Amino acid sequence: MKFGVVQFPGSNCDFDCYYAIKNVLQVPVDMIWHKDNDLDGYNCIVLPGGFTYGDYLRVGAIARYSPIMSAVLNFAKKGGFVLGICNGFQVLTESQLLPGALIRNTCLHFICKNQTIRVENIDTPFTGMCQKNQILQIPIAHGEGCYYADKKTVDELEANKQIIFRYCDGSGKITKEANPNGSICNIAGICNKERNVLGLMPHPERSTENCLGSVDGRLLFESIMMYLKKKSILVK
Amino acid sequence: MWSVIINIELKKGVLDAQGKTTHKALHSLGFHNVKEVRVGKLIELQIEGDNREEVGAQVQDMCKRLLSNPVIEDFNYEIEE
């Protein structure tokens, strides 16, 4: 089992992801430079948070054409797991690996705080270790995290159960007040139809140790690990 | 050499948070007759090409692939020699 964390110019959560995977979860992980184009041997690729290419033009728009992204597209097509966190989520929507787009928070502020999100679907490789409707506390830190998609796309996401996380209040209620950035239907994270590409605005790598105030983010990584372990047992 | 001015705006229906806030700020400056503000982007290119059609086709391609995001934005452009 091997993870890879892509480093774009302007990534700034790359080492947090690397640390969480290597030191906390104790899984082999490599840093992958954005000019590389080979992802052979990896099971899961993480696109970390940050401000790739200074967020110029649109968030994620330039990173989407980095050499590594054609390899990521192929990797995803072949069923490899791709996890896009914050700016990584924005790169995934720009790449059209995930539908919709992320636009300026409706309040216009950069928001950095602890946030509660509700797990909407546990039947995915990314959430298999979660309980149904479990409330997770995972920090957010973004200026452009307002998820937007047209009605048809949102209806499809709902019908295919691709909405994986929604912003909620402390008791798990999905309310307007609990929605930090104006995202449509309180969407905090979605996956593709095939369930191997997940994007979310909250930062699971920042909630993997008790000293960080929450270990809920570990569930995402542990779910992927569990899924890969089960799969390798079945293959053997 | 052709000069191209590309105008990119948020699609109608996509909330323009910047436009809304700028609208409020204009009101607080006393411009109460402003009824709507939309904030977009203007991109200018100097581009070589044999004819207008060829340049137009290239600009279309650029806008669709990189300069705009068709999920949230519309674009239009003017080409001058």
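Every read-out reported here was derived from the displayed coordinates using simple, explicitly stated rules and does not represent laboratory data. In this text the structure is predicted, and so the values were computed from the model without any measurement. Ideal geometry is used to build each Cβ from the backbone, glycine not excepted, and the neighbour counts take in all protein chains shown.
Observations, loosely collected:
- Residue among A:Tyr18, A:Tyr53, A:Tyr167 with the largest mean-square fluctuation in a Gaussian network model of chain A, springs linking Cα atoms under 10 Å: A:Tyr53
- In a simple Cβ point-charge model (Lys, Arg +1; Asp, Glu -1; nothing else charged), region B:2-80 has a dipole of about 700 debye relative to its Cα centre.
- Stretchable slack from B:Leu29 to B:Asn51, in nm (0.36 nm times residue separation minus alpha-carbon distance): 3.3 nm
- More than 14 angstrom apart: percent of Cα pairs within region A:101-142: 59 percent
- Number of partner chain Cβ atoms within 10 Å, mean per residue of A:91-101: 2
- Taking a ≥ b ≥ c as the square roots of the eigenvalues of the alpha carbon gyration tensor, the protein assembly as shown is oblate, as a/c is not under 1.5 and a/b does not beat b/c.
- Tensor-based shape of region B:2-67 (alpha-carbon gyration tensor, a/c under 1.5 rounded, otherwise prolate or oblate): prolate
- Violating pairs (Cα-Cα greater than 21 angstrom) within the set A:Lys78/A:Lys151; A:Lys35/A:Lys230; A:Lys78/A:Lys229; A:Lys152/B:Lys35; A:Lys77/A:Lys132; A:Lys173/B:Lys20: A:Lys78/A:Lys151; A:Lys35/A:Lys230; A:Lys152/B:Lys35; A:Lys77/A:Lys132; A:Lys173/B:Lys20
- With respect to chain B, whose longest principal axis is taken over its alpha-carbon atoms, helix B:17-28 is tilted by about 50°.
- Reachable aspartates and glutamates, given that their alpha-carbon falls under 20 Å from the alpha-carbon of A:Lys2 and they are not under 8 places away in the same chain: A:Asp14, A:Asp16, A:Asp30, A:Asp36, A:Asp38, A:Asp40, A:Glu205, A:Glu222
- On Cα atoms only, tilt of B:52-62 relative to the major axis of chain B in degrees: 60 degrees
- Look at the stretch B:15-21: the mean tally of other chain Cβ atoms within 10 Å of its residues' Cβ atoms is 4.
- Taking other C-beta atoms within 10 Å as the exposure proxy, B:Ser3, A:Ser207, A:Ser223 rank B:Ser3, A:Ser223, A:Ser207 from fewest upward.
- Per-residue mean of C-beta atoms belonging to partner chains within 10 Å, peptide A:105-113: 1
- Remark: the A:Glu156-A:Leu108 segment gains 14.5 nm on full extension, using 0.36 nm per residue and subtracting the alpha carbon distance.
- The charge dipole of the protein assembly as shown, taken about its Cα centre with unit charges on the Cβ atoms of Lys, Arg (+1), Asp and Glu (-1) only, comes to about 1400 debye.
- Table column - 3J(HN,Hα) (Hz), region B:64-80, Karplus curve with 6.51, -1.76, 1.60, x for Gly and Pro: 6, 8, 9, 5, 10, 10, x, 5, 10, 10, 10, 9, 8, 8, 10, 10, 10
- Computed from backbone phi with θ = phi - 60° and the Karplus coefficients 6.51, -1.76 and 1.60, the 3J(HN,Hα) list for region A:198-207 is 10, x, 8, 7, x, 9, x, 5, 8, 9 Hz; x is used for glycine and proline.
- Within chain A, longest stretch free of exposed GluC sites (Glu not before Pro) [DSSP loop, at most 11 other beta carbons within 10 Å]: A:1-176
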